Amino acid sequence: MAIQGAREGARPEVGSAESAESAESAESAESADSAESAESVESADAEESVESAESAESAPAGALEARAGGAARGAPPENHTTPRPPSPPNQNRALRTIPPRWLHALVLCVATLPFLYVAAAIASDFFQGTRFLGSNPIKEAEHFTGKWTLRFLALSLVVTPAVRLLRAGWLIRYRRTFGLIAFAYACTHLVIYAALDVELTWRDMVEDVAKRLYITIGMMALALLVPLAVTSTKGWIRRLGNRRWSALHRLVYASAVLGLVHYWMSVKKDVTEPAIFALVFAVLLGWRVRRWAGARHRSGVPGTA
């Protein structure tokens, strides 16, 4: 009886094993069938594509043109794109106004007019006895070129606030232009002093620089402009890097202040024009100090108001 019960208990296990084997065989058969059907579909698709390519090649040109015409009539072209509405203008972006090409040449031509005037006036006063530059043409020529040096230095400092306030990025190239013009007028100022005032007597020039404080300050202002003029090219910007180049060209502020002091001390009586220059430079430098202080305050630097 126990043996019979054991046989009866083992029968369901045998039946379950057989059912598992039949299920596995059915799954393998189904997977094989699906794989075969997929292969047959792929082969059928490949054969259909080959046949369609052959039929397209063998079709006459007229039929192809008719098909193309029907496609063009029935559907939009393949490269058809719906036009997008124009995006609203970005108010925070600087205006990309492109100035005319002749504007830079015009600025250079206008900037040379004072030089041409003083050169012609000196020649006329010396050789024809005229009085375009007054009773003391040498001193007047020195003051004339010195004032134009300060004017072009002020214009070079005006460019950055103008770019920020007017949002006209194309003006930035004129900062270098006005700076080089100011350096040229400073050199003209020195040439008039050396060639006409002290008549190329280097001993007298050295004595003037050593004894007269305003001449010493003027020489310092000119000396500070020399490295700025030399390194004003794009090649020097790449060599020095933007940070070091910007730090070097901050010497223009010291040169402007020294030049203003030199002019103020050289004037004997009327200080109206030096006072006007002082007001202009104070506004330009004050704008930069305020902007610098605001940037430090926004960056959270400790110790700033």
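Taking only the range 268-279 into account, find how many residues are surrounded by fewer than 18 Cβ atoms within 10 Å (Cβ to Cβ) and touching a residue at least 12 places away in the same chain (Cβ under 8 Å).
The first filter runs over the range 268-279 and keeps only residues surrounded by fewer than 18 Cβ atoms within 10 Å (Cβ to Cβ), leaving 268-273, 275-276, 278-279.
After this cut, where a residue has to be touching a residue at least 12 places away in the same chain (Cβ under 8 Å) as well, the list is 273, 278.
Selection size over the range 268-279: 2.
Kindly provide the set of residues from the range 246-267 that are under 13 Å from A229 (Cα atoms) and not hydroxyl-bearing (S, T, Y), ordered by number.
Correct list: L248, H249, R250, L251, V252.
Could you please find all residues in the range 218-245 being buried (at least 17 other Cβ atoms within 10 Å of the Cβ) and in a loop (DSSP other than H, G, I, E, B)?
Scanning the range 218-245 gives a single hit, S232.
Residues checked against (1) modelled with pLDDT under 95; (2) in a helix (DSSP H, G or I):
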{"site": "T112", "(1), (2)": "no, yes"}
{"site": "D125", "(1), (2)": "yes, yes"}
{"site": "T130", "(1), (2)": "yes, no"}
{"site": "L133", "(1), (2)": "yes, no"}
{"site": "K139", "(1), (2)": "yes, yes"}
{"site": "K147", "(1), (2)": "no, yes"}
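If a residue must be in contact (Cβ under 8 Å) with a residue 12 or more places away in the chain, surrounded by fewer than 16 Cβ atoms within 10 Å (Cβ to Cβ) and among the β-branched types (V, I, T), how many such residues does the range 169-212 contain?
1
Mind telling me which of the residues T201, T188, T231, T216 ends up being among the polar types (S, T, N, Q), more than 26 Å from the chain's Cα centre (by Cα) and more than 28 Å from F126 (Cβ to Cβ)?
On the way: T201 fails: more than 28 Å from F126 (Cβ to Cβ); T188 fails: more than 28 Å from F126 (Cβ to Cβ); T231 fails: more than 26 Å from the chain's Cα centre (by Cα).
After ruling out the rest, the residue left standing is T216.
Residue-by-condition table, conditions (1) in contact with a His (Cβ under 7 Å, 6 or more places away or on another chain); (2) surrounded by 11 or more Cβ atoms within 10 Å (Cβ to Cβ); (3) aliphatic (A, V, I, L, M):
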site: A247; (1), (2), (3): no, yes, yes
site: F281; (1), (2), (3): no, yes, no
site: G294; (1), (2), (3): no, yes, no
site: R298; (1), (2), (3): no, no, no
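Given L240, L196, which one is of a type in the set (A, V, I, L, M) and either touching a Ser or Thr at 6+ places or on another chain (Cβ under 8 Å) or at pLDDT 95 or above (or both)?
Just one listed residue meets the conditions, L240.
Please verify whether the range 253-261 includes one or more residues that are in a helix (DSSP H, G or I) and loosely packed, with under 12 Cβ neighbours inside 10 Å. Write out each step before concluding.
Let us first name the residues in the range 253-261 that are in a helix (DSSP H, G or I), namely 253-261.
Among the residues that remain, those that are also loosely packed, with under 12 Cβ neighbours inside 10 Å are: none.
Scanning the range 253-261 turns up no residue that is in a helix (DSSP H, G or I) and loosely packed, with under 12 Cβ neighbours inside 10 Å.
Tally up the residues in the range 106-118 that are in contact with a Ser or Thr (Cβ under 9 Å, 6 or more places away or on another chain) and of a type in the set (A, V, I, L, M), please.
4
Residue by residue through the range 265-276, note down the ones that are under 12 Å from H143 (Cβ atoms) and of a type in the set (A, V, I, L, M, F, W, C). Full working, then the answer.
In the first step, residues of the range 265-276 are kept if they are under 12 Å from H143 (Cβ atoms); the result is 266-268, 270, 273-274.
Listed by number, the list holds a single entry, V267.
Taking the condition within 18 Å of V191 (Cβ to Cβ) and in contact (Cβ under 8 Å) with a residue 60 or more places away in the chain, does L133 pass? I'd like the intermediate steps shown before the answer.
Details: within 18 Å of V191 (Cβ to Cβ): yes; in contact (Cβ under 8 Å) with a residue 60 or more places away in the chain: no.
Criteria not met by L133.
Can you say whether I217 is touching a Gly at 6+ places or on another chain (Cβ under 9 Å), farther than 24 Å from A105 by Cβ and among the β-branched types (V, I, T), as far as the supplied structure shows?
Numbers: touching a Gly at 6+ places or on another chain (Cβ under 9 Å): yes; farther than 24 Å from A105 by Cβ: yes; among the β-branched types (V, I, T): yes.
Against the criterion (touching a Gly at 6+ places or on another chain (Cβ under 9 Å), farther than 24 Å from A105 by Cβ and among the β-branched types (V, I, T)), I217 qualifies.
For the range 264-276, how many residues are in contact with a Phe, Trp or Tyr (Cβ under 7 Å, 6 or more places away or on another chain) and either part of a helix (DSSP H, G or I) or within 17 Å of A182 (Cα to Cα) (or both)? Let's see the steps before the verdict.
Step one: list which residues in the range 264-276 are in contact with a Phe, Trp or Tyr (Cβ under 7 Å, 6 or more places away or on another chain), which gives 265-266, 271, 274.
Imposing the further condition that a residue be either part of a helix (DSSP H, G or I) or within 17 Å of A182 (Cα to Cα) (or both) reduces the set to 265-266, 274.
So the answer is 3.
The values are calculated or read from the model by the stated rules, or taken from the named source; none is laboratory data. Remember, it's a predicted structure, so these values are computed and weren't measured experimentally. Cβ sites come from the backbone with ideal geometry, for glycine too, and all protein chains shown count toward neighbours.
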